[in-house]
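Below you'll find the structure, written out as structure tokens, and then a few comments.
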Amino acid sequence: MRYLLPLILLLSLLLGACGPGKRDYSRWDNLPASGWLYGDTLRLLPVDTTLEDNDSIVTGALRLSLRHGSDYPFSNLWLEVTYHGDRYMMRDTINVTLADLFGRWLGSGFGASYQNSVLINPSTVVNVTRPVEVRHIMRVDTLRGIDQIGISVSSK
């Protein structure tokens, strides 16, 4: 009898976890240690090309995240992000602020690594079977100090 209440609680938690909820798609890519060349475009996604046709178009928030080291020489990062909707291709120019006016790194992390995230489009139709393309548009030939770039789509 004393095991019945914990068993019922455990079963209800397990069944509650199996219910429908939001679907998240994400992908991270590493950048070369030698730096990110100006002409190099990262192609992120598709996460899962085996999705059924009904699941390939998702309405949700498109977010870009990046990880950088404390040796990154700038306080921001200008990016051009291209993604596909149900009928159209969209291209956004984004300024990601990485440090405050006093040079303190923003975002999460400590020591030599920090992570920042920026919302690209809060509510759009994103085709998750098509790649999201990211390229830096900083005024340098080779950008050093950015370790990883990631994209996520959070469905409603």
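Just one of the numbered conditions (1) modelled with pLDDT of 85 or more; (2) open to solvent by 40 Å² or more (accessible area, probe 1.4 Å); (3) among the hydrophobic types (A, V, I, L, M, F, W, C) is not true of residue 99: (2). Taking residues in region 40-69 that are in a loop (DSSP other than H, G, I, E, B), and partners anywhere that are at pLDDT 90 or above and not hydrophobic (A, V, I, L, M, F, W, C), the pairs with Cβ atoms closer than 9 Å and at least 6 places apart or on different chains are 40/32; 40/135; 40/136; 41/80; 41/82; 41/133; 41/135.
Working only within region 105-153, note down all residues that are in a strand (DSSP E or B), among the small types (Gly, Ala, Ser) and open to solvent by 40 Å² or more (accessible area, probe 1.4 Å). Matches in region 105-153: 108, 109, 113, 117, 123.
Restricted to region 24-42, and to residues that are surrounded by 15 or more Cβ atoms within 10 Å (Cβ to Cβ) and farther than 18 Å from residue 78 by Cβ, which residue is modelled with the lowest pLDDT? Only one residue tops the list, namely 25. Filtered by the rule that a residue be farther than 16 Å from residue 120 by Cβ and modelled with pLDDT under 90, region 72-96 gives 86, 87. Comparison of 153, 134, 125 shows that the only residue that is in contact with a Phe, Trp or Tyr (Cβ under 7 Å, 6 or more places away or on another chain) and touching a residue at least 12 places away in the same chain (Cβ under 8 Å) is 153.
Here region 71-96 is the region considered, the condition is being over 23 Å from residue 131 (Cβ atoms) and of a type in the set (S, T, N, Q), and the residue that is most open to solvent (accessible area, probe 1.4 Å) is 75.
The values are calculated or read from the model by the stated rules, or taken from the named source; none is laboratory data. Quick caveat: nothing in here was measured; it's all calculated off a predicted structure. Cβ sites come from the backbone with ideal geometry, for glycine too, and all protein chains shown count toward neighbours. Note: accessible area is taken over every heavy atom of the protein model, side chains too, but ligands, DNA and RNA are not part of it. Shrake-Rupley method; radii C 1.70, N 1.55, O 1.52, S 1.80 Å.
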